[in-house]
Amino acid sequence: MYGVVTRNADEVEMEPFDLGFYEVKDVTGRAAAPLPNAVNMVSCFGDNAAASENPDLVPVDGRGEPATRDRDYFDWAYICPTHPEYRDGLLEIIEDCAAENDDVRLDDVGFPREGFCRCDRCERLFAESDRERWADWRADVITEFVADAAELVPGRLLLTLYPD
């Protein structure tokens, strides 16, 4: 089986691909209406436009350095996965995608890198959690988001996984 990821609606059924993944929300922040003939794809916590419009959304490291594309190792700007309004907005997009096609693919689901995010909200949420290790708490945050998304998707919930 071969699939193609595209932001062009006319390419989702392109030969020789068996499956078309359509970028409904990509890391630039560009949004499009979901398609019924594609697995709609949402770049969750990568969003250059949102980060530019509201720097408070951007994860920071222990020194307060933001996870944006103008820094080494970042190809796009990230959004803190604990930001409640942003998460709610993502879940609305995912629900809209699932209304068009039962299957949905999530991309960029996670914190940007080790050491992020150390914003005041994350520090507080970690302190209030029952976790002793930062990595375990971060895993809980992402697991909870994916579980919330899965409840909205009647078909397969697919995830892009990166080795880092």
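Values computed for the structure shown
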quantity: Cα-projected label distance for Asp18 with Glu114, points at 7 Å along beta-carbon direction, nm; calculated: 3.6
quantity: FRET efficiency estimate (nearest 0.05) - Cβ-Cβ, Thr160 to Ala32, R0 22 angstrom; calculated: 0.80
quantity: Loop sites in the stretch 1-98: trypsin sites (Lys or Arg not before Pro), DSSP, at most 11 other Cβ within 10 Å; calculated: Arg63
quantity: GNM flexibility winner over the chain from Pro36, Pro16, Pro59 (Cα, springs under 10 Å); calculated: Pro16
quantity: Residue range of the chain that is longest and free of chymotrypsin sites (Phe, Trp or Tyr not before Pro) which are both DSSP loop and sparsely packed (at most 11 other C-beta within 10 Å); calculated: 74-164
quantity: Of all DSSP beta bridges in the chain, antiparallel share, percent nearest 5; calculated: 15
quantity: Cleavage-rule hits, GluC sites (Glu not before Pro), the stretch 98-164, DSSP coil, Cβ neighbours within 10 Å at most 14; calculated: Glu114, Glu132
quantity: Solvent accessible area, Å² - Ser52, 1.4 Å probe, full protein context; calculated: 90
quantity: Percent carbon-and-sulfur accessible area, the stretch 56-164, ignoring ligands, DNA and RNA, probe 1.4 Å; calculated: 44
quantity: Rounded to 10°, Cα long-axis angle of helix 84-100 versus longest principal axis of the chain; calculated: 10
quantity: FRET E, pair Glu85, Glu132, Förster distance 22 Å, beta-carbon r, rounded to 0.05; calculated: 0.15
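The values are calculated or read from the model by the stated rules, or taken from the named source; none is laboratory data. Everything numeric here is computed off the predicted structure, so don't read it as measured data. As a convention, Cβ positions derive from the backbone with ideal geometry for all residues, glycine included, and neighbour counts pool all protein chains shown. Note: accessible area is taken over every heavy atom of the protein model, side chains too, but ligands, DNA and RNA are not part of it. Shrake-Rupley method; radii C 1.70, N 1.55, O 1.52, S 1.80 Å.
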